[in-house]
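In what follows, a single structure is set out as structure tokens and then discussed.
Please treat every number below as a calculation from the coordinates, not as lab data. Computed from a prediction, not measured in an experiment: that's the story for all the values here. As a convention, Cβ positions derive from the backbone with ideal geometry for all residues, glycine included, and neighbour counts pool all protein chains shown.
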Amino acid sequence: MEKVAVIMAGGRGERLWPKSRKDKPKQFLSLCGEKEALIVSAVNRMKMLIDIKNIYIVTGSDYFDITRKFLPDIPVENIICEPMSKNTTACIGYSAQIIKKRYGDAIMMVVPSDHVIKNVDAFVSDLNKCCEIAERDNTIVTVGITPTRPETGFGYIKIHKNKPVENVELAWKMGRFVEKPEHKTAVRYIASGSYLWNAGMFVFPVSYMLRCIKRFHPHNSTCLVSIGKNIGKKNEQAVTRQMFEKMEPISIDYAVMEHIRGSVTVQSTFDWNDVGTWAAIPEIQKPDENGNYVTGTVASLESTGNIIEVPEGKAVAVLGVSDLVIVESGNALLVCHKNYAQKIKDATKQFIDAPEYL
């Protein structure tokens, strides 16, 4: 079967405000002084696996133009625009219908556009392994990340260490998906050695995933089938919007993965970070001589552990403070303690009547 990549690029990255904004969300940003935007890095990784003509971007219709700007080499017909956001079951199912129409069947690799991944050779090796298992065993393969701490901001995958996949290293039968746990529960997961972080990556035969959605979420499946029947017809856009309006906004984790049996998890060998909040920056950036994580011109006195980012042409001085996040971008400034980084999205809701700041 032919291999196809679908890169999900519809997120808003609201916890990385004020740098991540509605008109230029996280996936179109370069972080920590990197020259390349996250979505460009995601495409370049997949180009090491397959030809660019088999790489698809699925995003919101509002991001079509910016996607074309950042990814001019992606064929325009490979940019899949959702009429509205309805979570990952709709996203993956809609993309699968388009791939089915164009290829008949294929091995589809679904990966996020906004993660930081080091050791790209290991990433390529692990994804090839996933493709091999998915095609051979006609199943869904997920990627699990070896946890380094009892993280409460990630979902987990339980693996059956006593059920390894035949002839494949670091691959096991998947037990179950677990939503973001409390700290005490996360500590227990880490101690057991049977839980991995959920990277949000899925590899599967297109026909198999569509059958799973039909079995476990028939309502969304009926809508997706209607979309598939009208791909290439004059009323394609109208039907797609109508069916999206009807679909339930549910993640593929809830709709399919929590119910399926016999799927597989491959434990990653690459370094990974989803950079979900500013508090994740110390994991991907080295501190300066004062122990601060700095991008831009910063003067520091008796201050450490701060995450500071200021635009070119401006400067910040910090004195006697620790563990703060200080980020200026455009017309907005963020100052918060690192422990509150998960709540930035909640704080920005107060700007609902002032969208120019979002």
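Data overview
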quantity	calculated
GluC sites (Glu not before Pro) within segment 132-235: DSSP coil, no more than 13 neighbouring Cβ in 10 Å	E166, E169, E179, E182
Of the trypsin sites (Lys or Arg not before Pro) in segment 260-345, those whose Cβ has at most 16 other Cβ within 10 Å and which sit in DSSP loop	R261, K314
Qualifying GluC sites (Glu not before Pro) in segment 261-358, DSSP loop, other Cβ atoms within 10 Å at most 12	E289, E302, E312
Test item: Cα-centred dipole of the chain, Lys/Arg +1 and Asp/Glu -1 on Cβ, debye	1260
Within the chain, helix-based [θ] at 222 nm, where runs of 4 or more DSSP H residues each add -39,500 (n - 2.57), nearest 500	-8500 deg cm²/dmol
Extension gain, V120 back to E236 (0.36 nm per residue minus Cα-Cα distance, nm)	38.0 nm
Acute angle (nearest 10 degrees) that the helix 206-216 long axis makes with the longest principal axis of the chain, alpha-carbon atoms	90
Proximal lysines relative to K22, as straight alpha-carbon distance under 16 Å, when same-chain residues fewer than 8 apart are discounted	K345, K349
Under the Karplus curve 6.51 cos²θ - 1.76 cosθ + 1.60, θ = phi - 60°, whole-Hz ³J(HN,Hα) for segment 153-159, x wherever Gly or Pro sits	x, 10, x, 10, 10, 8, 10
Net charge contributed by nearby residues that have their C-beta within less than 13 Å of K343 (K/R +1, D/E -1)	+2
Long pairs among K26/K47; K47/K118; K35/K86, criterion Cα-Cα beyond 27 Å	K35/K86
Estimated vicinal HN-Hα couplings, Hz - segment 294-302 in sequence order (Karplus 6.51, -1.76, 1.60; Gly, Pro = x)	10, 10, x, 8, 9, 9, 10, 9, 6
Tilt relative to the chain, helix 87-103 - C-alpha long axis, 0 to 90 degrees, to 10	50
Within the chain, percent of DSSP bridges classed antiparallel, to nearest 5	50
Amide proton proximity set for I80, modelled H, under 5 Å, gap of 5+	I57, V58, T59
Neighbourhood net charge (15 Å Cβ-Cβ; Lys/Arg +1, Asp/Glu -1) for N87	-3
DSSP bridge pairs, segment 284-358: antiparallel proportion in percent, nearest 5	35
Amide proton proximity set for S263, modelled H, under 5 Å, gap of 5+	M174
Segment 228-239 - phi-based ³J(HN,Hα) in whole Hz, Karplus 6.51/-1.76/1.60, Gly and Pro as x	x, 5, 10, 5, x, 9, 4, 8, 4, 5, 5, 5
Positive minus negative residues near S192 (Lys, Arg vs Asp, Glu; Cβ under 11 Å)	+3
Dipole of the chain, positive direction: furthest Cα of N273, A199, N290, with charges on the beta-carbon	A199
Segment 182-257: relative contact order as a whole-number percent, Cα under 8 Å and 6+ apart	28
Sequence-distant residues sharing a close amide H with E309 (under 5 Å, placed H)	T295, I326, V327, E328
For K22, K129, K69, order by how many other beta-carbon atoms lie within 10 Å, fewest first	K69, K22, K129
Helix 120-137 axis, angle to the chain major axis (alpha carbon atoms, nearest 10°)	20
